[in-house]
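Encoded as structure tokens, the structure appears first; notes follow it.
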Amino acid sequence: MTGPKKPLPDFTDPPVIETLLGIQFVPLGLLSVPHFGLYWQRVRDKYPKQETKPGLSPVIEEFGSQTGYRPAIGIEVVSEPDARCWFIDQSSTQLIQVQKDRFIRNWRKVTKEDVYPRYENLKPRFREDWEQFCEFLESERLGTPEIDQCEITYVNHIEIGKGWEAYGEVHKVIRFWSDGSPRDFLPEPEKVNINMRYLMPDKRGRLHVTLQPAIRRQDAVEILQLNITARGKPASSRIQDILDWFDMGHEWIVRGFADLTTREMHSLWGRTR
């Protein structure tokens with residue numbers, strides 16, 4: 001018999017700057033741009049700002065004879081009916097993204113004072129917004145979403161000068177990197193890019209990890225951007241099965257983040273357990 005799970009790792013000052021809780025569903029053929037305006041009227045008190053973006057391509061995790069996912073998430077230029085609408089709150093930290101086959105809820109850090117509100121607070125907000133969206137679809141007779149993927153993503157910015165000083169010191173950030181021992185010939189790497197993926201149990205999804213250098217737009221600070229995404233199919237389209245899948249994906253992201261990063265960085269981020 002297995003014992004109780006260890007508590008999730010926790011940090012008082014994690015480097016997370018954005019989170020995403022998203023659902024992909026079979027495209028709703030009747031949902032078009034005019035309906036986005038009708039939906040906005042229902043949520044405008046909470047999300048008074050709006051932007052229109054190109055749609056996201058669909059992505060499906062595949063198993064068995066297929067060993068990957070198709071296609072990778074990306075942005076493509078599409079016709080107006082396939083547009084993606086953003087509905088943004090007054091602080092610009094909370095937003096909803098809607099398109100014919102996607103519903104996404106984000107939190108993002110806009111100022112240095114913004115504090116990650118924690119998954120335990122974001123999950124019920126997602127549920128409230130998703131259920132309101134489904135009520136809108138029902139009232140407009142636009143169909144019932146048939147969920148084919150759930151996704152949860154955490155974006156982390158690891159600033160240069162805080163625990164590491166150059167790309168030859170990535171081992172100070174990521175556990176499995178080389179220990180920085182002197183090389184016979186090669187100098188320090190100019191840049192570093194890492195891509196990994198891990199299978200979740202019972203083919204319930206995959207964990208995708210990318211690490212790449214970037215310059216942060218807001219303040220031009222050099223960073224390592226660590227993206228961790230859990231993606232897979234819930235047991236059904238019921239809200240409880242969606243939330244159960246999110247709980248699993250969140251656990252994989254948090255435990256994976258702790259496994260991938262070093263104890264020295266954990267100290268900087270205020271790990272409490």
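The values are calculated or read from the model by the stated rules, or taken from the named source; none is laboratory data. Everything numeric here is computed off the predicted structure, so don't read it as measured data. Note: ideal-geometry Cβ built from the backbone for every residue, glycine included; neighbour counts use all protein chains shown. Areas reflect the complete protein model, heavy atoms only, side chains present, ligands, DNA and RNA absent. Shrake-Rupley method; radii C 1.70, N 1.55, O 1.52, S 1.80 Å.
Per-atom-type breakdown for region 174-273 gives carbon and sulfur 50% of the accessible area (1.4 Å probe, protein chains only). Here region 1-31 and region 179-250 have alpha carbon centers that stand 12 Å from each other. Rounded to the nearest 10 degrees, the angle from helix 33-43 to the longest Cα principal axis of the chain is 80 degrees. The L30 and L8 beta-carbon pair, evaluated with R₀ = 41 Å, returns a calculated FRET efficiency of approximately 0.50. Proximity of backbone amide H atoms, modeled 1.01 Å from N, is registered between I60 and R70 at under 5 Å, excluding neighbours fewer than 5 places apart on the same chain. Between 0 and 90 degrees, the angle of helix 239-260 with respect to the longest Cα principal axis of the chain falls at about 10 degrees.
Once the Cβ-Cβ distance of E18 and R141 is raised to the sixth power relative to R0 = 22 Å, the FRET efficiency obtained is 0.05.
Residues considered: V221, V43, V110. Largest GNM mean-square fluctuation over the chain, using C-alpha springs under 10 Å, is found at V221. Partner lysines whose Cα lies under 29 Å from the Cα of K49, excluding those fewer than 8 positions away in the same chain, are identified as K100, K109, K112, K123.
Accessible area per residue for the chain, computed on protein heavy atoms with a 1.4 Å probe, is 54 Å². Principal axis extents of the Cα atoms in the chain, from largest to smallest and rounded to whole angstrom, are 67, 50, 36.
Using alpha carbons only, the radius of gyration of region 99-166 set against its Kirkwood radius gives Rg/Rh = 1.13.
Placing a pseudo-label 7 Å from each Cα along the Cα-to-Cβ vector at E222 and R238 gives an inter-label distance of 5.3 nm. Give me the Debye-computed log₁₀ of I(q)/I(0) at q = 0.21, 0.24 Å⁻¹ for region 206-273, equal point scatterers on Cα only, no solvent, two decimals. The Cα Debye sum returns log10 ratios of -0.96, -1.05. Against the chain, whose longest principal axis comes from its Cα atoms, helix 119-139 is set at around 20 degrees. Building the convex hull from the alpha-carbon atoms of region 116-246 and averaging its projection over directions returns 11.4 nm². Name the long-range amide H neighbours of T93: under 5 Å, sequence gap of 5 or more, or other chain; modelled H, no Pro or chain starts. Distant-sequence amide H within range of T93: zero hits.
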